[in-house]
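Quick notes on the structure that follows.
The values are calculated or read from the model by the stated rules, or taken from the named source; none is laboratory data. The structure presented is a predicted model; accordingly, all values stated were derived computationally and were not measured. Positions of Cβ are backbone-derived with ideal geometry, glycine not excepted, and every protein chain shown enters the neighbour counts. Side chains included, ligands, DNA and RNA excluded: accessible areas come from the protein's heavy atoms. Shrake-Rupley method; radii C 1.70, N 1.55, O 1.52, S 1.80 Å.
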Amino acid sequence: LGAHRALGATLFFLGTGASSCTHLAQGIALYDPQQHCASTFLYGEDTGVVCRCHAAMTLWLLGYPDQGLARNEEAVTLGQHIAHPYSLAYVLQCAASFHQFRREVRATQERAEATISLAKEQGFPYQMAFGANLYGWALLAQQGQAQAGIEQITQGSLAYRATGAELTRPYFLALLAEAHGTMGQPEAGLTALAEALTLVDTTSERWYEPELYRLKGELLLQQNSENQTEAESAFHQALAIAQSQSAKSWELRASTSLARLW
């Protein structure tokens, strides 16, 4: 069970969603809450919760949003049931990300706030910083809150780095780039994306790579309407990477951006 959890999560971050989904599904099938409760103390988190969290996000990436939503709700329910604070914080942060993928602002904010609240109560700096980034993104969509959103993401990113974590930093840098775009600051957004793409090449964490290139194309167009050739190249790159990962959701977004440009 632990091997399926570890492989599934690793393959997810590497951008190989189909293989990740297979291992996570096997982990879920093997999981028995009573039999495997001891593994919570071995791994520091409930394996069944983690498998469901990553399965939800992987299913969304592969183009199965309804199945992903069902897994996400299962994960939250299980996390609340087992009464293990770290596992609950983990599932809440993942749920916030899942709803952010779906552009569900209210649900993202609610899960992010719950993550931050529990993390403060239990002293989990990683989850607190993670939740702050997602909370900042949710603020961006609210009228008059864009500046507060970008400040929250900036502070959350700094706090996240202070924990020593590197995993998911390209994702948070993408949220920061999107925030700068919302504020009409494409140059700052492109700087954040350049850092994110360097991290991708350094760490091989490629699951968010298609969206990095799509956002690059959007910010290039915002920067200067004459950047159409560069933007089109970025959209094509996003599309090619998404197709290589079988990431239908990223493929759809990249195709839509490209169609708008055409």
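Within the stretch 11-43, count every residue that is part of a loop (DSSP other than H, G, I, E, B) and at pLDDT 70 or above.
The initial filter retains those residues of the stretch 11-43 that are part of a loop (DSSP other than H, G, I, E, B), namely 15-16, 31-38.
With the extra rule that they be at pLDDT 70 or above, the set shrinks to 15-16, 31-32.
Count: 4.
Among the residues making up the stretch 179-188, a single one is of a type in the set (A, V, I, L, M) and open to solvent by less than 20 Å² (accessible area, probe 1.4 Å): 179. Might you let me know whether the stretch 206-215 holds any residue that is in contact with a helix residue (DSSP H, G or I) (Cβ under 6 Å, 6 or more places away or on another chain) and farther than 20 Å from residue 98 by Cβ? For the stretch 206-215, residues in contact with a helix residue (DSSP H, G or I) (Cβ under 6 Å, 6 or more places away or on another chain) and farther than 20 Å from residue 98 by Cβ: present.
Just checking: which of the helices (runs of 4 or more DSSP H) contained wholly in the stretch 66-164 hold 1 or more residues that are closer than 23 Å to residue 179 by Cβ and open to solvent by 60 Å² or more (accessible area, probe 1.4 Å)? Can you show your working first?
Details: elements: 85-101, 105-122, 125-140, 146-162.
Because the criterion is at least 1 residues that are closer than 23 Å to residue 179 by Cβ and open to solvent by 60 Å² or more (accessible area, probe 1.4 Å), the helices (runs of 4 or more DSSP H) in the stretch 66-164 that meet it are 105-122, 125-140, 146-162.
With 239, 176 as the choices, which residue is open to solvent by less than 50 Å² (accessible area, probe 1.4 Å), modelled with pLDDT under 95 and not aromatic (Phe, Trp, Tyr)? Explain how you work it out, then say what you get.
Values: 239 fails: modelled with pLDDT under 95.
Unique residue meeting the criteria: 176.
Taking the conditions exactly as written (more than 20 Å from residue 101 (Cα to Cα), surrounded by fewer than 17 Cβ atoms within 10 Å (Cβ to Cβ), out of contact with any His (no Cβ under 9 Å at 6 or more places or on another chain) and free of Cβ contacts under 8 Å to residues at least 24 places away in the same chain), does residue 198 satisfy them or not?
Yes; evaluated as a whole, the condition is true for this residue.
Just checking, how many residues over the stretch 219-233 are without any contact (Cβ under 8 Å) to a residue 40 or more places away in the chain and crowded, with 21+ Cβ neighbours inside 10 Å?
Initially, the stretch 219-233 is screened for residues without any contact (Cβ under 8 Å) to a residue 40 or more places away in the chain, giving 220, 223-233.
When the remaining residues are screened for being crowded, with 21+ Cβ neighbours inside 10 Å, the result is 220, 231.
Summing the residues that are without any contact (Cβ under 8 Å) to a residue 40 or more places away in the chain and crowded, with 21+ Cβ neighbours inside 10 Å in the stretch 219-233 gives 2.
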